[in-house]
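Engineer: Please read through the structure below; I'll follow up with questions.
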Amino acid sequence: MAIMFRIHNRLTAAGILALLGGPASVLTAQVRADDLVDTLRDHDRRVATGDLKAAFELRVPANPRDPAQGLEIRTCVFTRAGATVGMVQTSRYDKSPVYRSEGVGGYESIDYDDGSLVVWRTIEKYSVQSPEKNASFRELVRVQIARDGSIVDDGMQSRLERYPVHSKDNLHEWDDVVLAAGRGLGDKIAEITEANTRPDGLLRVGAVGTYGGFRGRWTLLIDPAADHLVRYGRFVADGDAAPLLMIRSAGIVRGPGGRSLAAGGTFTHLLGRQQNYENAVTIRTLSDEADRAALGRIEQRVSETALRRGAQVLDFRLEPAVRVVVGE
């Protein structure tokens, strides 16, 4: 059964201690660190290689800087066929956009048109990455919100984005989904400094490692009974007291070939008061068959020949990036 849940963005010291099972003195059964890292990396490799299809729901802030704009709820399919990966996302929103004054929620003068706030909302996104291509196509709706709260739907816009073939910027959402679903941490651990088994069977692990270019310390809870999924993770960068990232997961969805992901999880960047960015994922299905029909639809969408007049093409392969409007 798929599981969806939310976590608090800030935990008290007592709450963290309770979650981790109390002081280390109550933990038992020393664990071999090298074997544990190898096991985590093996499970990560099974998800990261070979043909794959994963269907899931992803909930993210509609605007990471402005919680008042609500949530974007994405219905997604990620697929891999050989060296080609693709993802289809269809979005809906839990609330209509609201007017915000300039300076609130990070809005600047460029975000306003004749006094109305302009909000862009993605409706569909098609992404592909292969040795020859790295691109996304979006359908967006432009919404204007007047000071009195009245909303004007100002029409659709198509946008094609092209990236260098090895760039991670295009399909970064999948990496966040994998982390929220309890995988993808094996290569981020450089050395385990503490590994003990709690009375409930979970492994409490302390390690030095990296995340997003930062070096620091990981604290993990790992579930050996669920294919060594990470049930809790916290990363604190060197020199910082507060965590930069927290992960929680529950349940399990198993697929062929020993692959597995947590049924539900959250991935939270802790950026300060009212700037915490949380992704919440629910995994629906996991299989070892590529969705070639989806890849075919993606290829059609990212083709410049299919673009309508007025569509934008953003080319991030160039420095600086170049923006072209079709038909102008």
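Engineer: Take A54 and decide whether it is under 21 Å from the mean Cα position of the chain (by Cα), buried (at least 20 other Cβ atoms within 10 Å of the Cβ), aliphatic (A, V, I, L, M) and within 24 Å of A294 (Cβ to Cβ).
Structural biologist: yes
Engineer: Please determine whether any residue of the range 25-39 is at pLDDT 95 or above and of a type in the set (A, V, I, L, M, F, W, C).
Structural biologist: Among the residues of the range 25-39, not one is at pLDDT 95 or above and of a type in the set (A, V, I, L, M, F, W, C), which makes the answer no.
Okay, residues lined up against (1) assigned to a helix (DSSP H, G or I); (2) among the charged types (D, E, K, R):
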| site | (1), (2) |
| --- | --- |
| R41 | yes, yes |
| V47 | yes, no |
| F56 | no, no |
| R59 | no, yes |
| P64 | no, no |
| I73 | no, no |
| R92 | no, yes |
| Y99 | no, no |
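Engineer: OK, next. For I283, state whether it is closer than 14 Å to V37 by Cα and in contact (Cβ under 8 Å) with a residue 24 or more places away in the chain.
Structural biologist: Values: closer than 14 Å to V37 by Cα: no; in contact (Cβ under 8 Å) with a residue 24 or more places away in the chain: yes.
So I283 fails the test.
Engineer: Further question: Against the definition (hydrophobic (A, V, I, L, M, F, W, C) and either farther than 30 Å from P64 by Cβ or over 23 Å from the mean Cα position of the chain (by Cα) (or both)), how does L220 come out, yes or no? Even if it seems obvious, please write down each step before you answer.
Structural biologist: Details: hydrophobic (A, V, I, L, M, F, W, C): yes; either farther than 30 Å from P64 by Cβ or over 23 Å from the mean Cα position of the chain (by Cα) (or both): no.
For L220, the condition - hydrophobic (A, V, I, L, M, F, W, C) and either farther than 30 Å from P64 by Cβ or over 23 Å from the mean Cα position of the chain (by Cα) (or both) - is not met.
Engineer: Go through (1) touching a residue at least 40 places away in the same chain (Cβ under 8 Å); (2) under 23 Å from P67 (Cβ atoms); (3) buried (at least 17 other Cβ atoms within 10 Å of the Cβ); (4) in contact with a strand residue (DSSP E or B) (Cβ under 6 Å, 6 or more places away or on another chain) and name the single condition S91 misses.
Structural biologist: (1)
Engineer: Here's something else I'd like to know. Please list, ordered by first then second residue, the pairs with beta carbon atoms under 9 Å, 6 or more apart or interchain, first in the range 190-206 and over 20 Å from R248 (Cβ atoms), second among the charged types (D, E, K, R) and loosely packed, with under 12 Cβ neighbours inside 10 Å.
Structural biologist: I192/D34
Engineer: Quick check on A280: is it of a type in the set (A, V, I, L, M), in contact with a Ser or Thr (Cβ under 6 Å, 6 or more places away or on another chain), part of a loop (DSSP other than H, G, I, E, B) and over 18 Å from N170 (Cβ atoms)?
Structural biologist: Values: of a type in the set (A, V, I, L, M): yes; in contact with a Ser or Thr (Cβ under 6 Å, 6 or more places away or on another chain): yes; part of a loop (DSSP other than H, G, I, E, B): no; over 18 Å from N170 (Cβ atoms): yes.
Here the answer is no, as A280 does not meet what is asked.
Engineer: Scan the range 183-201 for residues that are in contact with a helix residue (DSSP H, G or I) (Cβ under 8 Å, 6 or more places away or on another chain) and either assigned to a loop (DSSP other than H, G, I, E, B) or on the phi > 0 side of the Ramachandran plot (or both) and jot them down.
Structural biologist: Passing the criteria: R183, G184, L185, R198, P199, G201.
Engineer: Still on this structure, please answer the following. Where the second residue is among the aromatic types (F, W, Y) and surrounded by 12 or more Cβ atoms within 10 Å (Cβ to Cβ) and the first is over 16 Å from E161 (Cβ atoms) and lies in the range 289-310, which pairs have Cβ atoms under 7 Å and are six or more apart or on separate chains?
Structural biologist: Taking only residues 6 or more apart or on different chains, the pairs are R297/Y126.
Engineer: Within the range 263-277, does at least one residue satisfy the condition of being modelled with pLDDT of 95 or more, farther than 26 Å from G70 by Cβ and β-branched (V, I, T)? Step through it out loud before you land on a result.
Structural biologist: Quick first cut of the range 263-277, residues modelled with pLDDT of 95 or more only: 263-266.
With the extra rule that they be farther than 26 Å from G70 by Cβ, the set shrinks to none.
Among the residues of the range 263-277, not one is modelled with pLDDT of 95 or more, farther than 26 Å from G70 by Cβ and β-branched (V, I, T), which makes the answer no.
Engineer: Specify which of the listed residues (A294, A321) is within 27 Å of K133 (Cα to Cα), of a type in the set (G, A, S) and in contact with a Leu (Cβ under 9 Å, 6 or more places away or on another chain). Break it down stepwise before answering.
Structural biologist: Values: A294 fails: in contact with a Leu (Cβ under 9 Å, 6 or more places away or on another chain).
Step by step, each of A294, A321 is checked, and only A321 is within 27 Å of K133 (Cα to Cα), of a type in the set (G, A, S) and in contact with a Leu (Cβ under 9 Å, 6 or more places away or on another chain).
The values are calculated or read from the model by the stated rules, or taken from the named source; none is laboratory data. Everything numeric here is computed off the predicted structure, so don't read it as measured data. Neighbour counts are summed over all protein chains in view; Cβ atoms, including those assigned to glycine, are modelled from backbone coordinates with ideal geometry.
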